1. For the range 139-259, evaluate the Debye formula with one uniform point scatterer on each Cα (no solvent term) and list log10 I(q)/I(0) at q = 0.14, 0.17, 0.20, 0.22 Å⁻¹, rounded to two decimals.
2. Write down the percent of antiparallel bridges among all DSSP beta bridges whose residues are both part of the range 17-258, to the nearest 5.
3. Skip the ligands, DNA and RNA, and give the accessible area per residue of the chain with a 1.4 Å probe, whole Å².
4. With r defined as the distance between the Cβ atoms of N110 and V184 and R0 fixed at 45 Å, what FRET efficiency is calculated, to the nearest 0.05?
5. Translational diffusion coefficient, Stokes-Einstein: compute it for the range 16-139 using the Kirkwood radius over C-alpha pairs as Rh, at 10 °C and 1.306 mPa s, and state it as an integer in µm² s⁻¹.
6. Over all distinct Cα pairs, what is the inverse of the mean 1/r for the range 74-156, reported as the Kirkwood hydrodynamic radius in Å?
7. What does the net charge come to around I206 if you take all other residues with beta carbon closer than 15 Å to its beta carbon, with K and R at +1 and D and E at -1?
8. Give me the net charge for the shell around D103: Cβ to Cβ below 15 angstrom, other residues only, Lys and Arg +1, Asp and Glu -1.
Amino acid sequence: MTDTTQGVKQDADQNTTHFGFQTVATEDKVGMVANVFHNVAAKYDIMNDVMSMGIHRIWKRFTIDCSGVRPGHRVLDLAGGTGDLTAKFSRIVGDKGQVVLADINNSMLNVGRDKLRDLGIIGNVNYVQANAEELPFPDDYFDCITIGFGLRNVTDKDKALRSMYRVLKPGGRLLVLEFSKPVVEPLSKVYDAYSFHLLPKMGELIANDAESYRYLAESIRMHPDQETLKGMMEEAGFEQAKYFNLTGGIVALHRGYKF
């Protein structure tokens, strides 16, 4: 396994950061990540099902179950992409609630908007193109914030966590669903072989884009591990931070509260 602390060290350098395994100028990363998701947006849902063998739906259901969201709540689905979590939250919060589907990438946001409208989800969902590092919302605004498989693509993760903390209401909770570090060594080896050999090939066959999926595999390895991310959340102000390992730690759900 690649040492995930390398990504944290690079994030600490204001002039350079990581784009997968590459070191790039910090100012260039947003555009490079944007290009990846412009390329994959149209096939994103199909690839999610194929890559995870449908298990991503279980991970997202667990996230919903841990959210504590109730009718009338206001929810931010950050880096919400094609809107899987938004669709579930929309039904839970009802007519008196609100869900904001936010994503920095316009192509992903458009796919999500079209999908949810095809599902008949219209009245209580708003769409906002937003950078997680500088959220365009008032202080103490949301009852719950989720960010699913998006934090690893953010250039300044600490700044983004502080931004999320600012717009969360006292008593609210943040849920970070993200690929993480497998906790069983044999699983790590199998996962590495899958990520670096099969995943780009599937990307080439299904989405005609091996390079974007090679980046996505590399970005997972550069993301902070479970304990490191827990510490980052605490540093941003979140209390009672903890995480749940899913599928042997391939994915982890981190939860923290603002009091």
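1. Summing over Cα pairs of the range 139-259 leads to -0.63, -0.85, -1.04, -1.17.
2. On the way: 16 of 36 bridges.
Restricted to the range 17-258, the bridges split so that about 45 percent are antiparallel.
3. The answer is 44 Å² per residue.
4. 0.70
5. Estimated diffusion coefficient is 102 µm²/s.
6. Working: mean 1/r = 0.0792 Å⁻¹.
About 12.6 Å, per the Kirkwood formula over Cα pairs.
7. Taking every other residue near I206 into account, the sum is -2.
8. Values: positive: R113, K115, R152; negative: D45, D77, D84, D114, E133, E134.
Charge balance in the 15 Å sphere: -3.
The values are calculated or read from the model by the stated rules, or taken from the named source; none is laboratory data. The structure displayed is predicted, hence computed values, not measured ones. Don't worry about glycine lacking a Cβ; one is built from the backbone with ideal geometry, like all the others, and counts go over all protein chains shown. Ligands, DNA and RNA are stripped out before the accessible areas are found, and what is left, the full protein with its side chains, is counted by its heavy atoms. Shrake-Rupley method; radii C 1.70, N 1.55, O 1.52, S 1.80 Å.
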